[in-house]
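**Student:** Quick one: this structure, given as structure tokens, is what I'll be asking you about.
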Amino acid sequence: MSDQAVINKRLTGLDEILDKSAQLMAHLGYHGTSMRGLAQVTGRSLSGLYHYFSNKEELLFLINQRGFTSLLAMSGDLLQRDLTPQERLSGLIHNHVTYFIDHLSEMRIMTSGTMEMNEQRSQTLWKLKQEYTRLAQNIVGDYMDSQSGTNHSAQSINRKTYLLYGMMNWIFGWYSAKNHGTAKDIAKDIFHTFTKGCCGTE
């Protein structure tokens, strides 16, 4: 049974704990965050938090696992649905941006890496990331091929996919609803900015 499955059975309010833990880690940084601080922001006693979580690495792992699992759940069926390549790409961008705008602190944690993880947890997250990246590469590649009428190289598709990730992920550094609009507005702009030049160098 996975770490999260075990904790889900033992603890109610896990999502709230992960949300508040992500907010504190995003504000103070992983190394600047203590279990005592996490206990305070989550409304638990320090001993109570240690009863469910062995250390802050476990919370960091669960924040990442929940995030990538959620992204896969939102977009995992895009290739199976009766959609055009353009609609699939638009759907991927919309789902990614919507999730991250709703979880900006979690987004900062997820994009900062997993250097603190033990090998087993690192492998679990690596597999989730690879599955999501393969999905994105297939969607980006299908879109590029549909626009140019040629088959693009895996290297080219890989580059374009990570360029798209850069556009979507960096919103945590500047986005505010007041100044920049809704998730739908951001997703639409990213889609049009990316697709306008997607195949320009081919």
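The values are calculated or read from the model by the stated rules, or taken from the named source; none is laboratory data. Quantities reported herein were computed from a predicted structural model and do not represent experimental measurements. Here the Cβ positions follow ideal geometry from the backbone for every residue, glycine too, while neighbour counts run over all protein chains shown.
**Student:** With respect to Glu16, is the statement that it is acidic (Asp, Glu), in a helix (DSSP H, G or I) and touching a residue at least 24 places away in the same chain (Cβ under 8 Å) true?
**Tutor:** yes
**Student:** Answer yes or no: is there a residue in segment 185-195 that is surrounded by fewer than 16 Cβ atoms within 10 Å (Cβ to Cβ) and either touching a residue at least 60 places away in the same chain (Cβ under 8 Å) or among the acidic types (Asp, Glu) (or both).
**Tutor:** Taking every residue of segment 185-195 in turn, at least one turns out to be surrounded by fewer than 16 Cβ atoms within 10 Å (Cβ to Cβ) and either touching a residue at least 60 places away in the same chain (Cβ under 8 Å) or among the acidic types (Asp, Glu) (or both).
**Student:** If you go through segment 21-47 one residue at a time, how many are part of a helix (DSSP H, G or I) and touching a helix residue (DSSP H, G or I) at 6+ places or on another chain (Cβ under 8 Å)?
**Tutor:** Of the residues in that region, 16 qualify.
Matching residues to (1) in a helix (DSSP H, G or I); (2) over 13 Å from the mean Cα position of the chain (by Cα):
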{"site": "Leu49", "(1), (2)": "yes, yes"}
{"site": "Ser54", "(1), (2)": "no, yes"}
{"site": "Leu72", "(1), (2)": "yes, no"}
{"site": "Gln80", "(1), (2)": "no, yes"}
{"site": "Arg88", "(1), (2)": "yes, yes"}
{"site": "Ile93", "(1), (2)": "yes, no"}
{"site": "Lys129", "(1), (2)": "yes, no"}
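**Student:** A further question on this structure: Only one residue in Thr124, Thr133 is of a type outside the set (A, V, I, L, M, F, W, C), surrounded by fewer than 16 Cβ atoms within 10 Å (Cβ to Cβ) and within 16 Å of the chain's Cα centre (by Cα), so which one is that?
**Tutor:** Thr133
**Student:** Please count how many residues of segment 47-75 are over 22 Å from Ile171 (Cβ atoms) and in contact (Cβ under 8 Å) with a residue 24 or more places away in the chain.
**Tutor:** 8
**Student:** Residue check: is Arg81 in the same structural domain as Gln120 (by TED's automatic domain parsing) and at pLDDT 90 or above?
**Tutor:** So Arg81 passes the test.
**Student:** Here's another thing I want to ask about it. In segment 109-116, is there at least one residue being of a type outside the set (S, T, N, Q), under 16 Å from Asn169 (Cβ atoms), crowded, with 19+ Cβ neighbours inside 10 Å and within 20 Å of the chain's Cα centre (by Cα)?
**Tutor:** yes
Each row is one residue, and each column tells you yes or no for (1) farther than 21 Å from Leu164 by Cβ; (2) of a type outside the set (D, E, K, R); (3) touching a Leu at 6+ places or on another chain (Cβ under 8 Å).
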| residue | (1), (2), (3) |
| --- | --- |
| His27 | yes, yes, no |
| His51 | yes, yes, no |
| Ile63 | yes, yes, yes |
| Arg66 | yes, no, yes |
| Leu78 | no, yes, yes |
| Leu89 | no, yes, no |
| Ser112 | no, yes, no |
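**Student:** Let me ask something else about it. Mind checking whether some residue in segment 142-163 is exposed (fewer than 15 other Cβ atoms within 10 Å of the Cβ), under 24 Å from Asp19 (Cα atoms), touching a helix residue (DSSP H, G or I) at 6+ places or on another chain (Cβ under 9 Å) and not assigned by TED's automatic domain parsing to the domain that holds Asp19?
**Tutor:** No, the conditions are met nowhere in segment 142-163.
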